[in-house]
Amino acid sequence: MSDTVLGVKRKHEDDNNHSNGEGDHEVKKKAHRLDHHSEAEIKKKKTMSWDYSKENGPDTWVETFLDGKAIRQSPVDIAPSKVKVDDSLANNPLTINYGEEGNLQLENPGLSFKINISGNSIISGGPLGDKKFKLVQFHFHWGHEDHEGSEHRINGKMYPSELHFVHYNADKYGSFGEAVTQPDGLAVIGVFIKVGEEHDGFSALSENASKVKSKGSKVDTGANFNPSSLLPKNTSNYWTYDGSLTTPPLCESVTWIVLKDEIEISKEQLSSMRNLKSDDDGEHPIPSNWRPPQPLGNREIKASFAV
Ligand SMILES: [Zn+2]
């Protein structure tokens, strides 16, 4: 997850409050109160700074943001020989219906490369059952050398990058902000990325990445873009488990769907992300922004396919 979860939460809550209906004093008063509450909470969390350094990095997050109470954290190291093949997943296939974005919007929140989604893109089926989950953003994790970068691992192996499509349970919750703290609130599709041939779909991102070089920048490219162009051909083979956001506030609300098939981008395309900066003056590159694997505990990873 990117470091703007709280920002997104705030925005969606505001949207939601607004739609409660103007002119209704009671609703407005309540919304106002909630606003203050969440503002205080957000302020508190925001003052707890985090990054990928030794002092404020992943080793400190569980203590700082969860008071040490971690039950279903992500990412995890997936051992394909130990997962349970679940036939019900193949019997109720995962369906991914991503629609065209009329105006591709890119953002550099400071520690990630993020694309905000406004169109109607929905996933359902598989571990999500009949519930519809709506895509709100996708973003990337990467390393500064090719041997590191992905958050999930397969038998300990990392890919140079990992793409996260972030959805919320729109059948059950009114907004992303409402869903982010609920155990069945979010679904994230993870896609491994390796280095090789140039990727046509990714070129819309790499060619515009320099427009969001410094922290806090956001640009509307005006370009048409369909997020499905970043999916591998086969999306029916995946691993799934109950987990969390991989950045603070680490909410334990994510049904993870990690696709088995990867996509391929060129060295230059990967460099377009490595060249993004983590500060306003554009001096310091975004560091390798992956969280190491977390203990699986009693959780079971399920596979939609048999090897
Ligand atoms: Zn992520």
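With 0.36 nm allotted per residue and the present C-alpha distance subtracted, the Lys132-Ala79 stretch has 16.2 nm of extension available. Among the GluC sites (Glu not before Pro) in region 219-307, those placed in a DSSP loop whose Cβ has at most 13 other Cβ atoms within 10 Å are Glu283, Glu300. Protection proxy ranking, highest mean first, for peptides 171-183, 76-88: 171-183, 76-88, where packing is the per-residue count of other beta-carbon atoms within 10 Å, averaged.
Evaluating 6.51 cos²θ - 1.76 cosθ + 1.60 at θ = phi - 60° for every residue in region 201-218, the Karplus couplings come out as x, 6, 4, 4, 7, 5, 6, 9, 4, 5, 6, 10, 5, 9, 4, x, 8, 9 Hz, glycine and proline recorded as x. In a fully extended conformation the segment linking Ser271 and Asn103 would gain 58.1 nm over its present Cα-Cα distance, using 0.36 nm per residue.
Amide H contacts under 5 Å for Ser121: Gly99, Leu135, restricted to partners 5 or more places along the chain or on a different chain, H placed in the peptide plane at 1.01 Å from N. For trypsin sites (Lys or Arg not before Pro), the sites in region 217-285 that DSSP calls loop and that have at most 13 other Cβ atoms within 10 Å are Lys233. Multiplying the residue separation of Ile122 and Lys54 by 0.36 nm and subtracting their alpha-carbon distance yields 20.7 nm.
Spin-label model, Asp280 to Ala223: label points 7 Å out along the Cα-to-beta-carbon direction sit 2.8 nm apart.
A simple spin-label model places pseudo-atoms 7 Å from Cα toward Cβ; at Lys69 and Asn92 they are separated by 3.0 nm.
Computed from the coordinates by the stated procedures, all read-outs in this text should not be read as laboratory data. Here the structure is a predicted model, which means the values were calculated and not measured. Quick reminder, even Gly has a Cβ in these numbers, built from the backbone with ideal geometry, and neighbours come from all protein chains shown.
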